[in-house]
1. Does region C:292-316 hold any residues that are farther than 23 Å from C:Glu116 by Cβ, among the hydrophobic types (A, V, I, L, M, F, W, C) and open to solvent by 10 Å² or more (accessible area, probe 1.4 Å), and which are they?
2. Part of a loop (DSSP other than H, G, I, E, B), closer than 19 Å to C:Arg238 by Cα and within 11 Å of chain B (Cβ to nearest Cβ) - does that describe any residue in region C:351-367?
3. Of all residues being hydroxyl-bearing (Ser, Thr, Tyr) and modelled with pLDDT under 95 in region B:24-47, which is surrounded by the most Cβ atoms within 10 Å (Cβ to Cβ)? Just the residue, please.
4. So is C:Val62 of a type in the set (A, V, I, L, M, F, W, C), touching a residue at least 24 places away in the same chain (Cβ under 8 Å) and more than 23 Å from C:His212 (Cβ to Cβ) or not?
5. For A:Arg24, work out the one condition from (1) open to solvent by less than 10 Å² (accessible area, probe 1.4 Å); (2) part of a helix (DSSP H, G or I); (3) more than 14 Å from every other protein chain (Cβ to nearest Cβ) it doesn't fulfil.
6. Out of all the residues in region A:416-427, which are more than 22 Å from A:His136 (Cα to Cα) and either modelled with pLDDT of 95 or more or crowded, with 24+ Cβ neighbours inside 10 Å (or both)?
Amino acid sequence: MQRVSSLIDTRDDDYRANDLHNRRLASELKERQKVARHVRPERDRERLRRQNKMFVRDRIEALLDPGTPFLELSTLAGNMAYDGEVPGAAQVTGIGIVSGKEVIVHADDASVKGGAWYPLSVKKIVRALDIAIENHLPVVHLCDSAGGFLPLQAEFFADRYFAGRIFRNQSILSKMGVPQVAVVMGHCTAGGAYIPALSDYNIIVRGTGAIFLGGPPLVKAATGEEVTVEELGGADMHTSVSGTGDYAASSELHAIAIARDIVERFRRPEKAGVDWIEPEPPAYDPEQLYGIIPRDPRVQFDMREVIARMVDGSRFHEYQPRYGQSLICGFARVHGYQIGILANNGVLFNDSSLKGAHFIQLCDKNRTPLLFLQNITGFMVGREYERRGITKDGAKLIMAVAGASVPKFTVVCNGSYGAGTYGMSGRAFDPRFMFSWPQSQVSVMGAEQAAGVLTDVKLRQLARSGLQLSEQETAAIRDPVLEDYRRQSSAYYATSEIWDDGILDPVDTRNAIGISLSAALNAPIASPHYGVFRM
Amino acid sequence: MHHTFDIGGNSHAIWLSRSAEEYRLTLAEDRSAVVAFVQTRDGEGRLTVDGSSEPIAYVVEGDTVHIHLRGRSYAVRYVDPLVALAVEADTAGHHIARAPMPGVVVSVKAVVGERVVAGTVVAVIESMKLETAIRAAQDGIVEKIHVTAGESFDRDAALVTLSREAS
Amino acid sequence: MIGRFSFGVVLVANRGEIAVRIIRTVQKLGLQSAVVYHEVDARSLAVTLADHAIKISGKTPVSSYLDADQIIAAALSVGAGAIHPGYGFLSENAGFARAVGAAGLVFVGPSASAIELMGDKIRARNFVARSGFPVAPSAIEEDDPGTFLDRARAVGAPLLVKPSAGGGGKGMRIVRDLAELDDAVAQARGEGQRYFGDGRLYAERFVERPRHIEVQVLGDSFGNVVHLHERECSVQRRFQKIIEETPSPALSTDLRKSICETAAGIARAAGYKNAGTVEFIYGRGEFYFLEMNTRLQVEHPVTEMTTGLDLVEQQLAVSAGHPLAFKQDDVRPSGHAIEARLYAEAPERDFAPTTGKVLALEYPKGDGVRVDSGIAQGQLVTTAFDPMLAKIIVHAPTRTEAIARASQAIEDFVLLGCETNAAFLGRILRDEGFKAGEVHTGYLDEHPRIAKGAAPDEGIQRRLLAAAALLTRPVRDAAHAVPALHASLGSWRN
């Protein structure tokens, strides 16, 4: 495989300006993540200490094998919701190594609103368990939640993918033979009680952990019975009388030690066979990504330059290099694993759509996972293209994306608009993991375009009534729409709503994909089979 | 969670990782070293740390590795976290009086079932011709006596177990 | 050159390293060896080496080795003609010496009356004084209780007040200011009553920074007595010797001659037969008789290293009725010898006794290195007996070389499975005061840092942890369990 030859000049003004801009975005991301992860009002930290509880991050560090990476997912979930008062949606999820095994870690963050479940908290948990199911990853739950945030119950309780889905997913994991361990470090009340109950193994911390369908106040209100937390659902009772609990631990660290010992018992799954050789780092410095990504998102750039900074040895085997050039397709390796990359260098035309659909099938047959690097404004429109069948060609691409059996991974590098989002394996197409870069945008169309369209509609409406608007009045209609659109198409909004699995600093993408790939291979890869391609 | 080793009563947290055919020992505070060990004959081997190599004599006995290094002997004991962290569980409701050093039991002063107050002498031991009184650390009931007069014991051996009175 | 012995089998009424040492000489002389043993010593080296091993029992292991009847019966049962008592146990028990004789066996040691004389500290002291040899000025209360305090004051400060019935340092009080004499006397009396049931006291001159100098003597049954020069045993703690050497670095040639001849004179005056040691307190050019030990001493090997004599062989020859084969002038020691005692204790933890199992054992070898040991690989170390495990003895042309050789030997001594005082012994040998020959019996107490030592430095700790990590299964298994990708990424976080 030959190396990509780069045409970037790291000394030119554009490069330097981009570099400055993107480094600033990266450090802003790091700062916002740091705050979301660690900054808490002192009274919340103090309350944990009084309750003899560890901070969630310390629990996770004790759980994981030292000297191993942790890929945290959706750190900034909820960052643009609930007035910003629920950082991370009061949940920490991610892929880590426990006793040598890849696991999904799901932990309630009791330092945020007592670990209460907001609608986005539930969504984050469901997403973590969906990942566990799709990738056959064992789960370690660190339970310490105050329960559902009742004022918003309509948004997390009744629907199909709301809270009930957590317990459904747990049951399905168990049915699949993928084990779960729950460590009860707080009160698991009502619905929350089912997390340890539905886990294959659970551990209860004496004195702070408890499992009950109704706590003492509710029991007293319901039947008049007076009972203490320990008597009602504490470690000793559940591990020696009811059998709901498997192990009683004398402290959180003890519980974590037991959990690690349990995970050590899990059978090591056979990994799906994907072509692998010894890894090598990219030949080009990944930090050059900062200089390559344009500071103006409307400026086009060559995705090959991005690929060169992400893959092993910067080696890339391009497929159909002279055909459908607005979509780059080719083979490369990330941390030794061979993958097929699809990346946008412009809008999707007939030829690029066909090329993409073909390449996806090649990779599927070859058992090569797919990486989609999105920078797509959409499919080409116009009479000539419609006559050539752009709609059905787009449909073929979507059919291929949806049908591919190999694991798919998506990174939203820049813009991701309209049907292009779908054709390039957006969220709805079940990439095993989906990440965004800080400057990326996702919406049905660009903000300017959308604002323009909506303003035009409004102006025509008014024109029919004989009204003409001044520049100022037009702007008054246009600007709020523009503002709103920009906000809601930003990466931070998408990540807040958990439309992705997290924002990445571009230079971290290589490692994130490597870890994701390794995790994804815990599930077997089905044989290729598709729906009907409209020919 | 790191591994814990005890050397002479001091705890050390370490982690051993493996990369590209070499082992790396990580100590707390991110200090790490590339390490290797090769056995040369029974009970002897060559230890290499960051490239510098030297001979050692060693014996592995249960959880303890006894090492003779540069003219001195050491005992390095692996502390299983499940055991170390669970010790506290014992004291929730029980207190075990343990021997501060090896010796011989001179006499047992307590009787099973007897109620004692903190400070009551429950046994008298002798070590190096010094007699030591073993006292109850808290109020409670004598639950079990593990030794008899004339019996010898090692350091940390359980002598008497008290249970806290049910409140 | 030893002629025939009147006994063919010698029973060793002892255990541990001294039993092994005696058996080796017995076998060297072409005689048969027998040893008694308690169950806990069943697999000891002495039992393995001896031609005959007879099991004895007792309420405690120690008590069995004090059971004269069983021991004598054991000797008779294997046709032993002599019993060597070693040191400690019954070696200075006059009753036992008599019983052995009464049973028609030879007691390898002095006469029962010599044992009795020197066993009573006050009687011994009086005898030595009357015989014209130097004893520390003192006042014995019993002589005249009414004038005791005055006589004590007359001895002068510094003064040591101690219970006459006592031993082992209990009840002793040092008075440096005579104004404190009354209080000290009252306290000592109280302790004497409490510990020994006898409040009578005696007071004697206390030598500041005293050095413990002892002289090996040897007498035969024909009245010949020689001295085999001195040993210095000032490195001690709580009256337990740790390092002994010969010659003493403190003595001038004249003083050495004087002390040794005094010792020989005392032994001669007592009509002493067999091996014995006369102990002196020495300080600032003065020396006083302390006591005489009527047995072979633990540290006898240093004398053997410099004189080339086998003292056990000499004892057996004397006991068999032979005259000494050499005269005083024939005794010409050369070089310097040092003995270090290896104990099962942890000086770093206030000398707490240690226990364990001898998992690995390797002795230092080479020119001028001797190890007297009673332990064997696989043996359990318990608190049933005295904690001495072995003696490391070296010989070299000069004291400096002997110190270096001893340090090296201690480093080369491998004992794994039971903590010992080896590092402490090394620290003593490297101590500037010791190297300058400026120790005294309170030296270790004055320099507690030598005992305390220091925690191993970071480099050593790292090496120990590296070895232990690589040799401990759970640690190695955990390292192997992490997939290669994650091990290579280390603690990466996004």
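1. C:Met305, C:Leu309
2. Going through region C:351-367, the residues part of a loop (DSSP other than H, G, I, E, B) turn out to be C:351, C:354-355, C:358-359, C:363-367.
Narrowing the set further to residues that are closer than 19 Å to C:Arg238 by Cα leaves C:351, C:354.
Checking which are within 11 Å of chain B (Cβ to nearest Cβ) leaves us with C:351, C:354.
Yes: region C:351-367 contains one or more residues that are part of a loop (DSSP other than H, G, I, E, B), closer than 19 Å to C:Arg238 by Cα and within 11 Å of chain B (Cβ to nearest Cβ).
3. Within region B:24-47, the first condition is being hydroxyl-bearing (Ser, Thr, Tyr), and the residues that meet it are B:26, B:32, B:40.
Next, from what is left, pick out any that are modelled with pLDDT under 95: B:26, B:32.
On the way: B:Thr26: 20, B:Ser32: 17.
Selected residue: B:Thr26.
4. Working: of a type in the set (A, V, I, L, M, F, W, C): yes; touching a residue at least 24 places away in the same chain (Cβ under 8 Å): yes; more than 23 Å from C:His212 (Cβ to Cβ): yes.
It is true that C:Val62 is of a type in the set (A, V, I, L, M, F, W, C), touching a residue at least 24 places away in the same chain (Cβ under 8 Å) and more than 23 Å from C:His212 (Cβ to Cβ).
5. Only one criterion in (1) open to solvent by less than 10 Å² (accessible area, probe 1.4 Å); (2) part of a helix (DSSP H, G or I); (3) more than 14 Å from every other protein chain (Cβ to nearest Cβ) is unmet by A:Arg24, namely (1).
6. In the first step, residues of region A:416-427 are kept if they are more than 22 Å from A:His136 (Cα to Cα); the result is A:416-424.
Those that are more than 22 Å from A:His136 (Cα to Cα) and either modelled with pLDDT of 95 or more or crowded, with 24+ Cβ neighbours inside 10 Å (or both): A:Ser416, A:Gly423, A:Met424.
Listed here are the residues, each with its yes/no results for (1) assigned to a strand (DSSP E or B); (2) open to solvent by 30 Å² or more (accessible area, probe 1.4 Å); (3) facing chain C (nearest Cβ under 7 Å).
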{"site": "B:Ser11", "(1), (2), (3)": "yes, yes, no"}
{"site": "B:Ala57", "(1), (2), (3)": "yes, no, yes"}
{"site": "B:Val60", "(1), (2), (3)": "yes, yes, yes"}
{"site": "B:His68", "(1), (2), (3)": "yes, no, yes"}
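Residues are listed down the side, and each one gets a yes or a no for (1) within 30 Å of A:Gly177 (Cα to Cα); (2) more than 13 Å from the chain's Cα centre (by Cα); (3) surrounded by 20 or more Cβ atoms within 10 Å (Cβ to Cβ):
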position	(1), (2), (3)
A:Asp484	no, yes, no
A:Ser490	no, yes, yes
A:Ser516	yes, no, yes
A:Asn522	yes, yes, yes
A:Phe533	no, yes, no
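The values are calculated or read from the model by the stated rules, or taken from the named source; none is laboratory data. Quick caveat: nothing in here was measured; it's all calculated off a predicted structure. Because the Cβ atoms are built from the backbone with ideal geometry, glycine has one as well, and the counts that use them run over all protein chains shown. All accessible areas refer to the heavy atoms of the entire protein, side chains included, with ligands and DNA or RNA removed. Shrake-Rupley method; radii C 1.70, N 1.55, O 1.52, S 1.80 Å.
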